[in-house]
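Step one of this worksheet: look at the structure below.
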Amino acid sequence: MTTPTLAALAIAPIAVPALTAAGCAVAGRRTAAAAGIGCAAAVLAVAAGLGAHVVAGGPVEVAGLRVDALSAFMLVVIGAVAMVAAIAAPAHVAAEVDAGRLAPSTARRQGVLVHAFLAAMAIAVLAADLGVLWVAVEATTIVTAFLVGQGRTRGAVEAAWKYVVICSTGIALALLGLVLLNHAAAHAPPGTGGHGLDWAGLVTAAPGLDPGVTRIAVVLLVLGFGAKAGLAPLHAWLPDAHSQAPAPVSALMSGVLLAVSFSAILRVKVIADAALGPGFVRALLLGAALVSLAVAASLLLAQRDYKRMLAYSSIEHMGLLALGAGIGGAAATAAVLLHVLGHGLVKSVAFVGAGRIAQLTGTSRIDRVRGLVATQPGLAAATGLAVLALLGLPPFSLFASEFAIVRAGLAGDGPAAGWAVVVALGLVVVIGAAMLRHTGRMLLGPAPDGPGAAAAPRRLPRSTAVAMAAGLLAAAVLGVTAGPLAELITHAARTLTGAP
């Protein structure tokens, strides 16, 4: 494979969404919908090609971009979740336009912003420099804020501002952390410094970084990027934003944006482990994991809104990612990466289903939705399976990844990880019981009259059914075998842990 070809492949995950965004600005709604599916397919295909090359030949650096196993894997996640959202989007947008809740011009703007969002996430996972990564993550905040507030209702506008304020606070902390990390790198011993914020260079120079400065920088970076990933304590934006955004956008935010932000924490962890030893970041991540799980469990027990229920489920799964990353080691890290993809697929299906339920019933209140099995059997089945998958039931991949995280934690060197796993399991049981209770009420029993009564045709729109079935099938297949992704995940885990 020639260098120009590699350069084109590395740039394509950014260029294709950017060009699609420009095309959506002038194209009709149906043309834009087809372009969205083509864009997601192209990103997924390029990610597969880059992943194969990285596994065979190692990382690729071109034009300020670095394609290693982790960035190639994250491109797979972006492409896969974007595909589910893109397939479901046309039917969702058409229903909103037909109901008068969405103007055609707003629908066109949504297409532009969604693809700009994909381009920014691609930059974030491909950036060789942590400063560029920070800029890309901040760009996702700006773009998605307009999508969250798109409905222009009081709740949507409040959610958008809350999202901007909290995430901007978090990203400001991350910026300060990068300034301190750059200072530590600039004052490293001769022969090891001078790398700026280049990630690979920082990993090499990490043993020579000043421990005091690096420790403060790492805390700020974990807090900052953790805010964007939905980890406690800066998680409060997530339920409001995810419940107010259009369903396909919520699918992307929960399934990809949180994971991309968490991948930044994984990058920081590599530097911190080399500079400070594994114990420091382990304590930070295990603490964040347990607090996030406790927040999700406590607020899910009395939850009354099914969109917010799914948002708190996202906080739970980010907590599980932090738990696995805190445990550390190649096995736990590989499980974290598998969990990222499985969660993205399943949560995108769940949000697509939630969006369709809201369109049919006119409410997001759990107590006003009943009898979906009787009135909408296809939608009820897909949504129910998505919730079961989120709870970690086999054969879906979240079962395999959660089991691997628990196993790694119980087999860890110190008692801290083992106790954290035990506490986490108790909180996961509470979360599972709450979600089963709420979802069961929606799916079972006779359908009510008035709000919550789904009077639409029993069959799902074909594109919605295809999107939900494809996401669930992919998650189920991953639960049985990772196939060609297994080697890429293994290489990414080695990149993040230094394992041979």
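The values are calculated or read from the model by the stated rules, or taken from the named source; none is laboratory data. Since the structure is predicted, the reported quantities are computational estimates derived from the model, not experimental observations. Neighbour counts are summed over all protein chains in view; Cβ atoms, including those assigned to glycine, are modelled from backbone coordinates with ideal geometry. Please note that ligands, DNA and RNA were not included when accessible areas were found on the heavy atoms of the full protein model with its side chains. Shrake-Rupley method; radii C 1.70, N 1.55, O 1.52, S 1.80 Å.
Check whether at least one residue in segment 206-225 is farther than 29 Å from VAL295 by Cα, without any contact (Cβ under 8 Å) to a residue 40 or more places away in the chain and open to solvent by less than 10 Å² (accessible area, probe 1.4 Å), and report yes or no. No, there is no match, as no residue in segment 206-225 is farther than 29 Å from VAL295 by Cα, without any contact (Cβ under 8 Å) to a residue 40 or more places away in the chain and open to solvent by less than 10 Å² (accessible area, probe 1.4 Å). Checking each residue of segment 212-228 against the condition of being charged (D, E, K, R) and under 26 Å from LEU286 (Cα atoms) gives at least one match. Looking only at segment 366-385, which residues are touching a helix residue (DSSP H, G or I) at 6+ places or on another chain (Cβ under 6 Å), open to solvent by 40 Å² or more (accessible area, probe 1.4 Å) and within 10 Å of LEU444 (Cα to Cα)? Within segment 366-385, VAL373 is the sole residue that qualifies.
In segment 386-433, the residue that is farthest from LEU285 (Cα to Cα) out of those that are of a type in the set (Val, Ile, Thr) and open to solvent by 60 Å² or more (accessible area, probe 1.4 Å) is VAL429.
Go through (1) crowded, with 24+ Cβ neighbours inside 10 Å; (2) touching a Ser or Thr at 6+ places or on another chain (Cβ under 9 Å); (3) closer than 30 Å to GLN359 by Cβ for VAL336 and report which single condition fails. So VAL336 meets the others, but not (3).
Looking across segment 155-173, the residues that are hydrophobic (A, V, I, L, M, F, W, C) and open to solvent by 40 Å² or more (accessible area, probe 1.4 Å) come down to VAL157, TRP161, VAL164, VAL165, ALA172, LEU173.
Every residue, every condition in (1) among the hydroxyl-bearing types (Ser, Thr, Tyr); (2) under 30 Å from ALA467 (Cα atoms); (3) open to solvent by 10 Å² or more (accessible area, probe 1.4 Å); (4) modelled with pLDDT under 90, yes or no:
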{"residue": "LEU234", "(1), (2), (3), (4)": "no, no, yes, yes"}
{"residue": "ALA245", "(1), (2), (3), (4)": "no, yes, no, yes"}
{"residue": "VAL249", "(1), (2), (3), (4)": "no, yes, no, no"}
{"residue": "ALA264", "(1), (2), (3), (4)": "no, yes, no, no"}
{"residue": "ASP273", "(1), (2), (3), (4)": "no, no, yes, no"}
{"residue": "ALA296", "(1), (2), (3), (4)": "no, yes, no, no"}
{"residue": "TYR306", "(1), (2), (3), (4)": "yes, yes, no, no"}
{"residue": "MET318", "(1), (2), (3), (4)": "no, yes, no, no"}
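Selection within segment 95-108: residues that are touching a residue at least 60 places away in the same chain (Cβ under 8 Å) and part of a helix (DSSP H, G or I). The member of this set that is surrounded by the fewest Cβ atoms within 10 Å (Cβ to Cβ) is PRO104.
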